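Here is the structure we will look at.
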Amino acid sequence: MSVRRHPFSATVALLVILFLWAPLVIVALNSVNQDVLLATWKGATTHWYHQAFDNEDVRAGLRQTVTVAAATTVLSLVLAVTAALWWRRASPRMRRLFDGLTYLRIMLPEVVFAVALFLLFSRLEFPLGTTAIVIGHTVWNSAYATLIVQARVSTLDPALEDAAADLGANPWRTFRRVTIPGLLPGIAAAALLAFTFSFDDVVTSFYLTGAGTSTLPVVILSMIRFRITPEINAIGMMVMLFTVTMFAVGFIAVTKLGRGARRSLALPEVRGE
Amino acid sequence: MLAFFAVPLGMVIVYSFATISLVTFDIGFGWTLSNYRQISDPLYLHTLVRSVVLSVSTTIGCLLLGFPLAYFISRQPPRWQRLMLVLVIVPFWTSFIVRTYAIVNLLQNNGPLNDALNGLGLVHGTLGLLYTPQSIAIGIVYSYLPLMVLPIYVSLERIDPALLDAASDLGANGRRAFWRVVLPLARPGVVVGCIIVGIPAMGEYVIPEILGGGKTLMLGNVITDQYLSVGDIPFGSAIAVVLMLVMAVALLVSRRAGALEPG
């Protein structure tokens, strides 16, 4: 098809992309702006970055966020892989029930989850804090991870596992050498998503933090509510650079793994990839 | 998973029928509807209506901005398509809270938008846009827009160009081809986009917290207030249950809309 001219949609597209990027550019500029009031441009400074690095709340928050995100990722993956493998052999009825539960965990508002878990933990007198936040994040992150791994499982040829068994591999060996490599692109994509979502989460962490250290997004939220300082721009820039870098690295890894796995297992090319 | 999912939700529902003494914080379990009656108080009813209105209007806003963008992307050569998709996705992958905060920067009275509009002579003085329902709407549209663009793009991208050629061979002009061929085929993407924008938007907490400046609230904020500040857990639970019900209705309506698609 010839590339037709679309003056209207081109204009809207350009404006929308501008709209998506403008606020981020402002944050970037303000993070190095000398003006304390951020009203005008008064020259560049790295002062806010130093201030952000020296802020103990921010440092502790970052440590907490990374710990929570890592634990959430591992837990979500274990649950997702187990669930997806079970799902493959489950009856249609159980499958429907399970899928319903998965979608429910994605569609229900996060506030409701957070409230519900808050209630459960306070009722059980389970202490709020890191473990509580990890459980909270895992409840909904494992649903996304399950969907992704499930999608990958359905492209996996059961004949490969049968072949491995016929060639004398025990179940564990088959799992480790055939099933896991086949699922690897899905697992990597799910890990990327779970880590980013957990790293970014505000609501669940906010409810389940308790009196101790809160995660970085919660620290930022309370800083914004307290007063807006240029320091926040610097923290924001660092967080943005971190997530974008992670996304880029993860995305490249997932793409590479996808190609590699297809080649080594001779899986059929999936249409549209 | 069931223990951390179904059980807590069940507790919220049970609590929503309970009573609490705000002096001693003793909770009396029973099956009372008083918490639900309290929602019909104009104050809370207002918040409920506001949440629904904001969710619907931001979904429409995302659709109006997102469809032309998705359409434009899908009509570009593959290289450009990929580049533009990255331009749409990258802001979405940056921290949610930082993005919301970025909107504060943009809308401030001495911010760039204000300056630009003043410069163009469209506005004189300050806009006073920040901390209003409009600023919440802008924030939600900004944050959720990529969720609308991507599913629409996917459904547009799949349209076989031969269909458009066939339409024009049969005498349809560009506009007619768009309304009769492109739009019906894009419908599944539009429905998915509306679901994943509209439903989470209704339960939004962070955006109204930051962009509403504590003045304009949505249901998510009222729930949090009741739980963490006031301590009226039964009432907070009742609002949470209402929020779930509103969403379930919205979901059913949109699924019905999706099921009606031709072919």
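Residue-level analysis places A:PHE247 among those that are crowded, with 19+ Cβ neighbours inside 10 Å, part of a helix (DSSP H, G or I) and modelled with pLDDT under 85. Of all the residues that make up region A:161-212, how many are under 30 Å from A:LEU128 (Cβ atoms) and buried (at least 18 other Cβ atoms within 10 Å of the Cβ)? Residues that pass the stated criteria total 20.
Annotation note: of A:PHE19, A:PHE53, A:PHE98, the sole residue that is more than 13 Å from chain B (Cβ to nearest Cβ), aromatic (Phe, Trp, Tyr) and surrounded by 12 or more Cβ atoms within 10 Å (Cβ to Cβ) is A:PHE53.
Could you tell me how many of the residues in region A:161-208 are of a type in the set (S, T, N, Q) and free of Cβ contacts under 8 Å to residues at least 24 places away in the same chain?
Summing the residues that are of a type in the set (S, T, N, Q) and free of Cβ contacts under 8 Å to residues at least 24 places away in the same chain in region A:161-208 gives 2.
None of B:LEU185, B:LEU252, B:LEU228 is without any contact (Cβ under 8 Å) to a residue 60 or more places away in the chain, assigned to a helix (DSSP H, G or I), within 11 Å of chain A (Cβ to nearest Cβ) and surrounded by fewer than 23 Cβ atoms within 10 Å (Cβ to Cβ) except B:LEU228.
Assess whether A:VAL12 counts as being touching a helix residue (DSSP H, G or I) at 6+ places or on another chain (Cβ under 9 Å), within 21 Å of B:SER95 (Cβ to Cβ) and assigned to a helix (DSSP H, G or I). No; evaluated as a whole, the condition is false for this residue.
Just one of the listed residues (B:TYR153, B:TYR131, B:TYR144) is farther than 30 Å from A:TYR144 by Cβ, surrounded by 13 or more Cβ atoms within 10 Å (Cβ to Cβ), among the hydroxyl-bearing types (Ser, Thr, Tyr) and in contact (Cβ under 8 Å) with a residue 60 or more places away in the chain, and it is B:TYR131. Among the numbered conditions (1) exposed (fewer than 14 other Cβ atoms within 10 Å of the Cβ); (2) within 14 Å of chain B (Cβ to nearest Cβ), the only one that A:PRO158 does not meet is (2).
For (1) touching a Pro at 6+ places or on another chain (Cβ under 7 Å); (2) under 18 Å from A:LEU77 (Cα atoms); (3) among the charged types (D, E, K, R), each residue gets a yes or a no:
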residue: A:PHE175; (1), (2), (3): no, yes, no
residue: A:LEU183; (1), (2), (3): no, yes, no
residue: A:GLY186; (1), (2), (3): no, yes, no
residue: A:ALA189; (1), (2), (3): no, yes, no
residue: A:PHE195; (1), (2), (3): no, yes, no
residue: A:PHE199; (1), (2), (3): no, yes, no
residue: A:SER205; (1), (2), (3): yes, no, no
residue: A:THR209; (1), (2), (3): no, no, no
residue: A:GLY212; (1), (2), (3): no, no, no
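Screening B:GLU204 on (1) assigned to a helix (DSSP H, G or I); (2) buried (at least 18 other Cβ atoms within 10 Å of the Cβ); (3) within 12 Å of chain A (Cβ to nearest Cβ); (4) in contact (Cβ under 8 Å) with a residue 40 or more places away in the chain shows it passes everything except condition (1). The residues on offer are B:GLN81, B:GLN76, and the sole one that is in a loop (DSSP other than H, G, I, E, B) and closer than 28 Å to A:ILE17 by Cβ is B:GLN76. The requirement of being exposed (fewer than 13 other Cβ atoms within 10 Å of the Cβ), more than 11 Å from chain B (Cβ to nearest Cβ), over 30 Å from B:PHE178 (Cα atoms) and not polar (S, T, N, Q) is fulfilled somewhere in region A:25-36, by at least one residue. The sole residue among B:VAL197, B:VAL246, B:VAL241 that is part of a helix (DSSP H, G or I), buried (at least 16 other Cβ atoms within 10 Å of the Cβ) and away from every other protein chain (no Cβ under 11 Å) is B:VAL197.
In this structure, A:ALA60 does not satisfy being within 13 Å of chain B (Cβ to nearest Cβ), small (Gly, Ala, Ser) and under 24 Å from A:ASP200 (Cβ atoms).
Sort out which residues of region B:89-98 are assigned to a helix (DSSP H, G or I) and facing chain A (nearest Cβ under 7 Å), and write them in order of number.
Quick first cut of region B:89-98, residues assigned to a helix (DSSP H, G or I) only: B:89-93, B:96-98.
Residues satisfying the conditions are B:VAL90, B:PRO91, B:TRP93, B:PHE96, B:ILE97, B:VAL98.
Figure legend. Inter-residue proximity from region A:123-150: first residues at positive phi, second residues assigned to a helix (DSSP H, G or I), beta-carbon distance below 9 Å, spacing 6+ or different chains. Indicated pairs: A:GLY129/A:LEU208.
Can you tell me which residues in region B:35-73 are among the charged types (D, E, K, R), loosely packed, with under 15 Cβ neighbours inside 10 Å and in a helix (DSSP H, G or I)? Once the filter is applied, which keeps residues that are among the charged types (D, E, K, R), loosely packed, with under 15 Cβ neighbours inside 10 Å and in a helix (DSSP H, G or I), region B:35-73 yields only B:ARG37.
In region A:220-241, what residues are crowded, with 23+ Cβ neighbours inside 10 Å and of a type outside the set (A, V, I, L, M)? Once the filter is applied, which keeps residues that are crowded, with 23+ Cβ neighbours inside 10 Å and of a type outside the set (A, V, I, L, M), region A:220-241 yields A:ASN233, A:GLY236.
Looking across region B:76-101 at every residue that is aromatic (Phe, Trp, Tyr) and within 12 Å of A:LEU24 (Cβ to Cβ), the one that is surrounded by the most Cβ atoms within 10 Å (Cβ to Cβ) is identified as B:TYR101.
The values are calculated or read from the model by the stated rules, or taken from the named source; none is laboratory data. These numbers come from a predicted model, not from an experiment. With ideal geometry, Cβ positions are generated from the backbone for all residues, glycine too; neighbour counts draw on all protein chains shown.
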